[in-house]
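Report on one structure; see the data block that follows.
What follows draws every value from the coordinates through simple rules; no lab data is involved. Given the structure is predicted, the values throughout are model-derived calculations rather than measurements. Ideal geometry is used to build each Cβ from the backbone, glycine not excepted, and the neighbour counts take in all protein chains shown.
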Amino acid sequence: MGYTVNISHTIEHPWCVMWDFTTVLHQEESSGLQEFYYVGAFFSWTNKLIWSRTDRALHNGFWYDMFDFTYVTYQAHSLLDHTPIILDFPNCLRPKRHSYSDAQFKDIVKHTLDKCPQGPALQVLKHFLCNIRNPLNLFNTNKFADIYAQQGRVREALMQIQTQLQGDPFNNELLHQEDIRRQHYVTITHSAIALMK
């Protein structure tokens, strides 16, 4: 935390940090950092016996002045011991990771970048993110809809059980269901990966 506090006093531009702080975090008041508004799981780490909130997403005042519409989502931990933290820009871009290596994806990105007006970098970025959303949604729907719809349903079922486990972490029936759904999610994810190769 000390390093983060030092940085927070020297950078006069918007910035944020997401990290496993491993200690209870109450120094943000004096550091000039604020925790993002968040939705989702409260606990951010578990070894299935201990549950704690060690992972945090913080931003400085400059970030809030420019991106006050952003928030973070603490997701169910899925196959990890840490909860993934997603920085969310509503109404903007959410690309699918598998798309990056596809030639058509690269063409869409290049075409959208070419249409961006000149100006300050953050305004250009905002314009780019807002204008690329529809073409990428269409690209993903046409190319990967079936397998990813299945994977999404299985992942949602796993996350529902994991959300219930956060309220009752020692429930043996929920632990058993979580193991079954986790294995199903792993199986369908391997199928999705094989499809991309």
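Here are a few things to note about the model shown:
- For 109, 186, order by how many other beta-carbon atoms lie within 10 Å, fewest first: 186, 109
- Arranged from fewest to most other beta-carbon atoms within 10 Å of their beta carbon, 74, 37 become 37, 74.
- Net length gained if the chain between residue 17 and residue 175 were fully extended (0.36 nm per residue, minus Cα distance): 53.6 nm
- Each label was represented as a point 7 Å from its Cα along the Cα-to-Cβ direction; for residue 48 and residue 104 these points are 4.1 nm apart.
- Efficiency of FRET from Cβ geometry, residue 65 and residue 141, R₀ 25 Å, rounded to 0.05: 0.10
- Derived scalar couplings between HN and Hα for the range 58-65 equal 10, 9, 8, x, 5, 4, 4, 4 Hz in order, rounded to whole Hz, by the Karplus curve 6.51 cos²θ - 1.76 cosθ + 1.60 (θ = phi - 60°), x for Gly and Pro.
- Spin-label pair residue 10-residue 122: with each label point 7 Å from Cα along the Cα-Cβ axis, the two points sit 2.1 nm from one another.
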